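The values are calculated or read from the model by the stated rules, or taken from the named source; none is laboratory data. In this text, all values refer to a predicted model and were calculated from it rather than measured experimentally. Positions of Cβ are backbone-derived with ideal geometry, glycine not excepted, and every protein chain shown enters the neighbour counts. Side chains are part of the model used for accessible areas, which takes the heavy atoms of the whole protein and leaves out ligands, DNA and RNA. Shrake-Rupley method; radii C 1.70, N 1.55, O 1.52, S 1.80 Å.
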Amino acid sequence: MLGVARRRTWAYIFAVIVIFFIVSLRRNLDTHGFPPLSALNPADGLSHSRWSRMKPKYPVKSMRQLPTQKPQALPKVQKSFPEEADPARIKRLKRQKAVKEAFQRCWGSYRTKAWMSDELTPISGGRRDTFGGWGATLVDSLDTLWIMGMKKEFKEAVDAASNINFDGTTLEDVNIFETNIRYLGGFLSAYDLSGDKRLLEKAREVGEMLYAAFDTPNRMPLTRWKLHSAIQGQAQVAEDNVLLAEIGSFSLEFIRLSLLTGDPKWFDAAQRIAEVMHEQQASTRLPGMWPVVVSARQQAFNKHSEHTLGAMADSMYEYLPKTHALVGGLLPIYREMYEASMDTAIKYALYRPMLPDEKDVLLSGMVVTQGKDDPKLQPEGQHLVCFAGGMLALGGRLVENQTHVDKGEKLMEGCVWAYKAMPNGIMPETFSMLPCASPDECPWNETMWKQAVLGRTSMDGDPELTLADKIITSKRLPKGFTDIRDTRYILRPEAIESVFILYRITGRADLLESAWDMWTAIDDATRTELANSAVNDITVTDEKPPQSDSMESFWLGETLKYFYLIFSEPDHISLDEYVFNTEAHPFKRLLP
Ligand SMILES: *[C@@H]1O[C@H](CO)[C@@H](O)[C@H](O)[C@H]1NC(C)=O
Ligand SMILES: *[C@@H]1O[C@H](CO)[C@@H](O)[C@H](O)[C@H]1NC(C)=O
């Protein structure tokens, strides 16, 4: 009896231990997800994250398949550069070195003070998690490390990035767009450049997570995604008001991921959105362009009245010619949408501003439509919309339309002009100017400028002009600017991005000088002891622009990369082999 009882006690204890072990193992799996990657065979083609194990509530019924034809040979993008003279090379390499040193300084500070966090705070030396807490700066910088030849740092960064856990986050909402362009884009590009399989595995993991945000009845994604509700298995439905850029900028990353993994589901997800846009492009209030706000739930992309190439829409347009380039012309709707949208944008959104030196440049504003035939231009300017010069120049080359290349060049010139016109040599985040009555001739008229500062088209007499003078002084408006609504510079890349693309396309040597002027101005105003910081007011003249202790990941991921590449040999990351996503991550193009 005694013996039996004791045996039973042991059996009982044994069972408790086993159950405890199983429960804790499962909990471990649930909260920490997959085992470390080193324990897996990366070639087995399976993702081990929480997201790859999730069953969709609304599975895709007919999966769109990747095109299988041979890619076309698209027209050449880059100019054939002549052999470089020694003095030019020496000057170029000196400048490139200065950019690389700035990158090394920022990277070193991130590494020692904010490693694995999203951002370094560049004045206080702290850390900040703003994009899911998955090491945004680390992932955004991987390809820059490779491009700058920092192979030792690259290896260390890839080792660390392999351990990022995408199974959870401390944030309430996940911004699907930002996660796509920074993390998925960062991993894909670092993989395309280095061929390190661990990076493709991470790309797949992020892709699996993003794909869960598309699990809705109509397969349109949630753009501000409640990740925790998704983990709990709650049903999701797409939202009514979403931003065009946030729903329309998946194609580059998703198609590249499908091409690399052979799994068409991401291609399918991006293609469904593109098809809706294609269907409705001609039925919007400004046919050819889509409004800034669209309904994912109703799949209505043609209801609202604000249209722009700028903030909240931007990368959706950018991805049209770039996707055409990525797939070697195999998906015709992207080219069609690009050409139709640019017809409209060139006609209604681009304008020549009245400038004191009467320089012939272009800016891109917001077009508001009340009735169907009554589009009104709001003549603004944004640092963000500076990407449009590069987009039109690249697109123009790809579809062989010189008008696009010329318009792109003038848009780029508009940004260069705005940099030069400001007292610190940096253009502000947003501003307004006065459109010329005619694009062909635009004499400077000081009275008209002051009327525009007052927001009037007619004027009753001199007292009002005195008021305009007061506004000009207090807002520190350089001649030509009628308002500066946002005086910050937050380390953005779009201006140098366009200068870089136009340089590669035209070979204009003066663009290297413009780039260098932009570089010295930016580095002077933003440099801190540790790194570089966003600044609050670039209109000040009596002191240095006040800094705001913020360095978004795009400074290392984009801005410094474009500054480095414009001072590289032109075949380093050639635009004929690579296409950059909107976070400056180069993907390999399909070539015949
Ligand atoms: C080039 O682009 C312009 C503006 O979008 C358009 O009007 C023109 O028809 C295009 N040319 C060709 C040859 O497609
Ligand atoms: C400048 O603009 C004002 C106001 O529109 C106009 O009255 C004046 O004639 C213009 N001056 C010139 C030189 O065109």
query = Taking a ≥ b ≥ c as the square roots of the eigenvalues of the Cα gyration tensor of the stretch 50-205, is the shape rounded (a/c under 1.5), prolate (a/b larger than b/c) or oblate?
reply = oblate
Helix-derived mean residue ellipticity, 222 nm - over the chain, DSSP H n ≥ 4, -39500 (n - 2.57), to 500 = -14500 deg cm²/dmol
ask   = In the chain, which cysteines lack any other cysteine Cβ under 4.7 Å from their own?
value = CYS106
message = How large is the direction-averaged shadow of the alpha-carbon convex hull of the chain, in nm²?
response = 32.6 nm²
key: Solvent accessible area, Å² - LYS113, 1.4 Å probe, full protein context   = 90 Å²
remark   = Heads up, the stretch 264-332 by the C-alpha gyration tensor (a ≥ b ≥ c square roots of eigenvalues; a/c under 1.5 rounded, else a/b over b/c prolate, else oblate) looks prolate
ask   = In the stretch 416-491, which chymotrypsin sites (Phe, Trp or Tyr not before Pro) are in a loop and have at most 15 other Cβ atoms within 10 Å, using DSSP for the loop call?
value = TRP444
note = Once amide hydrogens are built 1.01 Å from N within the peptide plane, the residues lying 5 or more places from LEU330 or on another chain with amide H under 5 Å from its amide H are GLN72
remark   = Note on the stretch 221-304: alpha-carbon gyration tensor, axes a ≥ b ≥ c; rule is a/c under 1.5 for rounded, else prolate if a/b larger than b/c, else oblate; result oblate
task = Any chance you could give the angle, 0 to 90 degrees and rounded to 10, that helix 494-506 forms with the longest Cα principal axis of the chain?
result = 80 degrees
key: Accessible-area ranking of GLU339, GLU101, GLU413, largest first, probe 1.4 Å   = GLU101, GLU339, GLU413
remark   = Per residue, the convex hull enclosing the alpha carbons of the stretch 456-577 has a volume in Å³ of 153 Å³
query = If you find the alpha carbon centre of the stretch 407-447 and of the stretch 158-237, how far apart are they in angstrom?
reply = 39 Å
message = Sorted from largest to smallest, which semi-axis lengths in Å does the alpha carbon gyration tensor of the stretch 268-415 give for its equivalent ellipsoid, taking the root of 5 times each eigenvalue?
response = 24, 20, 12
request  = From largest accessible area down, sort ASP215, ASP143, ASP263, ASP357; use a 1.4 Å probe on the protein chains.
outcome  = ASP357, ASP263, ASP215, ASP143
message = If the reach is capped at under 12 angstrom between alpha carbons, list the aspartates and glutamates near LYS61, excluding any in the same chain fewer than eight residues apart.
response = ASP268
Neighbour cut-off at most 14 other Cβ (10 Å), DSSP loop, GluC sites (Glu not before Pro), the stretch 466-575 = GLU529, GLU543
note = If one compares the long axis through the Cα atoms of helix 332-344 with the longest principal axis of the Cα atoms of the chain, the angle in degrees, nearest 10, works out at 30 degrees
message = Students often get this wrong, so check it: of LYS113/LYS197; LYS202/LYS226; LYS70/LYS226; LYS70/LYS152, which have C-alpha atoms separated by over 30 Å?
response = LYS70/LYS226; LYS70/LYS152
request  = Would you pull out the residues with amide H under 5 Å of ALA300's amide H, same chain only if 5 or more places away, H placed 1.01 Å from N?
outcome  = SER295
message = Students sometimes get this wrong: rank MET391, MET366 by accessible area, probe 1.4 Å, all chains present, largest first.
response = MET366, MET391
task = Could you state how much accessible area ILE231 has, in square angstrom rounded to the nearest 10, with a 1.4 Å probe and all protein chains kept in place?
result = 60 Å²
ask   = Can you list the GluC sites (Glu not before Pro) in the stretch 162-218 that are in a DSSP coil and have 12 or fewer other beta carbons within 10 angstrom?
value = GLU172
task = Leaving out ligands and nucleic acids, note down the accessible area per residue over the stretch 177-262 with a 1.4 angstrom probe, in whole Å².
result = 25 Å²
ask   = ³J(HN,Hα) across the stretch 407-421 via Karplus (A = 6.51, B = -1.76, C = 1.60, θ = phi - 60°), whole Hz, x for Gly/Pro?
value = 5, x, 5, 5, 5, 4, 4, x, 6, 4, 4, 5, 4, 5, 6
